[in-house]
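Encoded as structure tokens, the structure appears first; notes follow it.
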Amino acid sequence: MIELIGVSKRFGQTTAVDDISLRMAPGELSVLVGTSGCGKSTTLRMINRLIEHSDGEIHIDGQQIRGFREETLRRRMGYAIQSTGLFPHWTVARNIGLVPRLLKWPASRIHARVESLMTMLGLPMDEFADKMPRQLSGGQAQRVGVARALAADPDILLMDEPFGALDPITRETLQHELRELQARLQKTIVFVTHDMDEALRLADRLVVMDQGRIRQQGHPLALLREPADGFVASLLGGEDRGLKEAALLTVGERMMPLGAKPLPGERISRHATLREALSMMLWRHAERLVVIDDQGMAIGELSLRRLVGARSHE
Amino acid sequence: MSDALNPGGARPNVVLLSLGLAGLLAWVVFDAVSVAPNRIVSGQGHGAWDVAGWPGLVASLAPMLAMLALAWRPSRRHLRLALGLVVAMLAALPAWLALAAARLIESEMPQARLGIGAGVWVALFLLLLAMVELRTRLALPRLLGGALLLPPLMSLAVWLASGLEPLALRQELLARRDGFIAAIGEHLLLVGAAVAISLLLGVAIALAMRRWVRCRTLGFALLNSLQTIPSLALFGLLLAPLAWLAAHVEWLAALGVSGIGWAPALLALVGYSLLPMVRNTFVALDEVDTGVIDAARGMGMSRGQIFRQVRLPLAAPVILEGIRITTVQAIGLAAVAALIGAGGLGTFIFQGLGQAAMDMVLLGALPILVMALVADALLGALSDRLRQGAAS
Ligand SMILES: Nc1ncnc2c1ncn2[C@@H]1O[C@H](COP(=O)(O)OP(=O)(O)OP(=O)(O)O)[C@@H](O)[C@H]1O
Ligand SMILES: [Mg+2]
């Protein structure tokens, strides 16, 4: 658990972070969003003391972070950044094993850990272990960066635009992998991004920042439906907010369970998002879709009326 | 030119062709050697025709002509053959001189001296250039390129042992054998000490300049101005203060410090070495990717660990480049140090100039040249290797 209480950071005259309070529960993935220069990276870097906060208190599992030695604190947290920061003179395997080596794990344990991480992130050991970072593609390098952050199995993961500068498809793959990973490993993750779709897709808790302050925080759907002010509304997508919300809801939640008669028509998985369903309706000029389950059996029907209809989510 | 780009080796290699033609011309036109009855009298020049007669002259031209033919259609195979020919020709030069000694010097002239003529010098120079060109074209690694010089050097050693006794250079060397070896030692010691001291100082200064911004501008301004003082003037400038120090501080005088000798020479060499050393070290350490350093800190590495395991290894190739520049420069500059009594190979150069004895000048200059080339090749190869390790 990470807790920030009335935390501020001043660089000379400028106040980068202004009296913010945040609680991030174990297993929660919090995403910080906001315009450039609003203090997202500063907030993240104060948590592992790459930047010392000026005022307030930061607690990790109830203990003030100033009570730890800096190095000890950082070795307990994973840290992944946009530029990856991989050491260009070390092999992929050595890069990933960095923190375990700093923690003086025995060599055999490090080796086993590196191997399992590489497998988990889709980087086969025999192909990638001895490669140098400059021999990797952008997506592979970012994976190695994430693997390195996970290496010592930290409870906390700090990620500053870790999938930035990637093409949309690779990006989506990595987002998906992070979600899966999170479902299995239950880390406390703090994630910074500029990509609102990425933020909405990943976040358990969305934190909207502006000029060093927190404008609003909460579940993405809550923020989409009831933005605190115009700034939050426009940052979350302005006119597109309806579509962004639709992207967070699934067909299964809105469909009408099927009666006896199986209808002919376009089919869509019940796991698809409402946004995908709407897109298909527009594309196919169809007012209703047949919803199918994983086995391809028709289980319901989604009409345009229902799709846009009453908010039946909560 | 690679085979793929130029399958038949269709386009002639202009560099090799011009080097070869110039070599042929010099070989035929200039004196191959000069012969003097003793050290005092100046020598009488002899062309290649005098040395070997018509058949010999033609035979000596054959490999050069063959190389020209190969350069006309420079496929990779042809270039390899040409390189072989060049190495063979270099190795044959000492034999050629021995032949000249045997044919031109009569046995009743024990004092006679054989001087190397312009024709042979030019041929040597052009062949070395051709070797560099071929090495580059064939993309040979530096060390292999250096190893190609071994056959010519071995041939030289063999012929010096017997057959080249009248060679003036050899006689100068024998007459001053102890002095020569001592001079090489002094030279190396002076250069080694200057490079070592400036490396230690340079790293310390570079670190200070990274730490404190004010040191930075001041440091570079000072070092830049130091670099612009002509070397002899710098030696001169150090004369007075050192003489004063030696007169007033006993233990310095006991160490051998004085206005002339090794102390001002070493100081001046360190002065000149500092700028390239500091500049390279500073830039090398400063240009390490900030993202990498940020990640290193974020992973929980301590300051010392970051410096030793990340910053220094990533900066090493550029720092080594500074050491290379400094060393080569110091090897040359140390020759001037002889003027203020610091010894070294410069002694022979300046004495030889004073006595108008060119062979003695060469006795000092040639080893300096060789030392500079060897230092350059070794440190360059090391830097390449580090760079590969860092980047591959
Ligand atoms: N080391 C520093 N010294 C001085 N000012 C700084 C420093 N680091 C950040 N700032 C300032 O603090 C403010 C917040 O910076 P921060 O890096 O946290 O923004 P950000 O939200 O991460 O922006 P971006 O989305 O562009 O990465 C900016 O105005 C920035 O100029
Ligand atoms: Mg940032």
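The values are calculated or read from the model by the stated rules, or taken from the named source; none is laboratory data. Because the structure is a prediction, the values reported are computed rather than measured. So basically every Cβ, Gly included, is an ideal-geometry build from the backbone, and we count neighbours across all protein chains shown. For accessibility, only protein heavy atoms count, side chains too; no ligands or nucleic acids. Shrake-Rupley method; radii C 1.70, N 1.55, O 1.52, S 1.80 Å.
Below is a table of values for the structure above.
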| quantity | calculated |
| --- | --- |
| Matching residues, segment A:72-83, being open to solvent by 30 Å² or more (accessible area, probe 1.4 Å) and either more than 8 Å from every other protein chain (Cβ to nearest Cβ) or not β-branched (V, I, T) (or both) | A:R75, A:R76, A:Q82, A:S83 |
| Subset of segment B:365-390 (residues that are within 14 Å of another protein chain (Cβ to nearest Cβ) and open to solvent by 90 Å² or more (accessible area, probe 1.4 Å)) | B:R385, B:R387, B:Q388 |
| Residue, surrounded by the most Cβ atoms within 10 Å (Cβ to Cβ), within segment A:11-48, restricted to residues that are near ligand 2 (Cβ under 10 Å from one of its atoms) and closer than 24 Å to A:T72 by Cβ | A:T43 |
| Search result, residues across segment B:195-228 that are among the hydroxyl-bearing types (S, T, Y) and open to solvent by less than 80 Å² (accessible area, probe 1.4 Å) | B:S198, B:S225 |
| Verdict on B:A66 being at pLDDT 90 or above, more than 28 Å from the chain's Cα centre (by Cα) and small (G, A, S) | yes |
| Which listed residue, of A:E177, A:E198, is assigned to a helix (DSSP H, G or I), open to solvent by less than 10 Å² (accessible area, probe 1.4 Å), away from every other protein chain (no Cβ under 14 Å) and not β-branched (V, I, T) | A:E198 |
| Within segment A:137-157, considering residues that are within 11 Å of chain B (Cβ to nearest Cβ) and not in a loop (DSSP other than H, G, I, E, B), the one surrounded by the most Cβ atoms within 10 Å (Cβ to Cβ) | A:R148 |
| Pairs, first closer than 9 Å to A:G139 by Cβ in segment A:165-178, second modelled with pLDDT of 85 or more and open to solvent by 50 Å² or more (accessible area, probe 1.4 Å), C-beta under 8 Å, six or more apart | none |
| Residue in segment A:217-224 that is of a type outside the set (A, V, I, L, M), under 14 Å from the mean Cα position of the chain (by Cα), assigned by TED's automatic domain parsing to the domain that holds A:A149 and in a strand (DSSP E or B) present | no |
| Segment B:286-300, residues that are surrounded by fewer than 17 Cβ atoms within 10 Å (Cβ to Cβ) and more than 9 Å from chain A (Cβ to nearest Cβ) | B:D286, B:E287 |
| Subset tally (residues that are free of Cβ contacts under 8 Å to residues at least 40 places away in the same chain and within 16 Å of ligand 2 (Cβ to nearest atom)) for segment A:49-78 | 1 |
| The listed residue being within 27 Å of B:P12 (Cβ to Cβ), of a type in the set (D, E) and part of a helix (DSSP H, G or I), out of B:E172, B:E133 | B:E133 |
| Segment B:342-359: number of residues that are touching a Lys or Arg at 6+ places or on another chain (Cβ under 9 Å) and modelled with pLDDT of 85 or more | 1 |
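Here is a yes/no grid of residues against (1) within 14 Å of another protein chain (Cβ to nearest Cβ); (2) away from ligand 1 (no atom under 12 Å from the Cβ):
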position: A:D19; (1), (2): no, yes
position: A:L22; (1), (2): no, yes
position: A:G39; (1), (2): no, no
position: A:F87; (1), (2): yes, yes
position: A:W90; (1), (2): yes, yes
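The rows are residues; the columns are (1) without any contact (Cβ under 8 Å) to a residue 24 or more places away in the chain; (2) open to solvent by less than 20 Å² (accessible area, probe 1.4 Å).
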{"site": "B:L275", "(1), (2)": "no, yes"}
{"site": "B:A284", "(1), (2)": "no, yes"}
{"site": "B:S302", "(1), (2)": "yes, no"}
{"site": "B:R311", "(1), (2)": "no, no"}
{"site": "B:A316", "(1), (2)": "no, no"}
{"site": "B:I349", "(1), (2)": "yes, no"}
{"site": "B:A356", "(1), (2)": "yes, no"}
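Rundown of residues vs (1) more than 14 Å from chain B (Cβ to nearest Cβ); (2) closer than 24 Å to A:A147 by Cβ; (3) within 10 Å of ligand 1 (Cβ to nearest atom), yes/no style:
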| residue | (1), (2), (3) |
| --- | --- |
| A:E3 | yes, no, no |
| A:V31 | yes, yes, no |
| A:S54 | yes, no, no |
| A:G67 | yes, no, no |
| A:L98 | no, yes, no |
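Here is a yes/no grid of residues against (1) within 14 Å of another protein chain (Cβ to nearest Cβ); (2) assigned to a loop (DSSP other than H, G, I, E, B); (3) more than 19 Å from the chain's Cα centre (by Cα):
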| site | (1), (2), (3) |
| --- | --- |
| B:L274 | no, no, yes |
| B:R279 | no, no, yes |
| B:L312 | yes, no, yes |
| B:T327 | no, no, no |
| B:G344 | no, yes, no |
